[in-house]
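The values are calculated or read from the model by the stated rules, or taken from the named source; none is laboratory data. As the structure is a prediction and not an experimental result, all values here were calculated from the model. All Cβ positions, glycine included, derive from the backbone under ideal geometry; neighbour counts span all protein chains shown.
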Amino acid sequence: MATSALSWFTGGDSKRPGVLYPYAQWWFLLCIVLTWVGFAQSYFAQIRTQPLLHHIHGALMGGWILTLIVQPILYQQNRIRLHRTLGRWAVYLLVPAIVVCAFLMLRSMLRFTHIPPMFVNHLAFLDVAGLILFPLFVGLSVWYARNTQLHARYIVCTVVLLMPPALVRAAPLLPFLRRSFLFDLNLIIGLMSFVLLLLMVDDKRKGKLYAAYPVAFIANTIVGICANFAQDWGWWHVLTAWIKG
């Protein structure tokens, strides 16, 4: 019984041949662990004093990654109908809720934060970009639902987008990453571009470079660079003033 349950979770006896990422669930599980480490002090250690909006935001984001842990297992076990049903619920209910909640979190930060303006504008620029790119990549994964190669890769891109906030908070655990917040932030964004680059190299090694990772790489890199200059752009201040309401 225990062996059977473990095989179901790992996909070790997968009934579906040619699975693109047979260990995807473990990588997504690692993302959950890194998120917990990153938010251990700033959120979990103060969980009773955190606003309700933060709890909802955390639950929704965690729910998305948990969904992505379950989805590859279902696919590996050839439970396609359940895989698609869960995917529809996640896309049509969870994703809109994530976007709305993230927008409210952004507005709250712009209205009430005591962080220096340079940091606020940098973070807000990344958040606005995430509000655009996250649903875009989810939408592309739905559009290419019948194309497993593109569908799976665009889903992976959504997780790469979600990781910087947790990784930046976890960065000070390493002594050489205790220089400055902006240094760590730029480094983590660069790390995400590097991860996407590695995924592109892996695709090329396997024989074909699909569009998903290059698109995400270009978007992530441009956003990461531009965030450093948002403070100096008039149109950006107009936009943030509109968001604050």
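Key figures for this structure:
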item: Output for region 197-213, where each listed residue is closer than 14 Å to ALA152 by Cα and part of a helix (DSSP H, G or I); result: LEU199, MET200, ASP203, ALA212, TYR213
item: Pairs with Cβ under 6 Å, 6+ apart, first in region 16-30 and over 21 Å from GLY62 (Cβ atoms), second at pLDDT 75 or above and crowded, with 17+ Cβ neighbours inside 10 Å; result: ARG16/GLN76; VAL19/GLN76; LEU20/ALA152
item: Boolean, VAL37 is in a helix (DSSP H, G or I), modelled with pLDDT under 90, among the hydrophobic types (A, V, I, L, M, F, W, C) and surrounded by 14 or more Cβ atoms within 10 Å (Cβ to Cβ); result: yes
item: Criterion (under 18 Å from the mean Cα position of the chain (by Cα), crowded, with 19+ Cβ neighbours inside 10 Å and touching a residue at least 24 places away in the same chain (Cβ under 8 Å)) met by exactly one of PRO135, PRO164; result: PRO164
item: Residues (surrounded by fewer than 16 Cβ atoms within 10 Å (Cβ to Cβ) and either touching a helix residue (DSSP H, G or I) at 6+ places or on another chain (Cβ under 7 Å) or touching a residue at least 40 places away in the same chain (Cβ under 8 Å) (or both)) located in region 108-126; result: SER108, ARG111, THR113, PRO117, MET118, PHE119
item: Sole exception among (1) closer than 23 Å to LEU93 by Cβ; (2) touching a His at 6+ places or on another chain (Cβ under 9 Å); (3) touching a residue at least 40 places away in the same chain (Cβ under 8 Å) for CYS157, by number; result: (2)
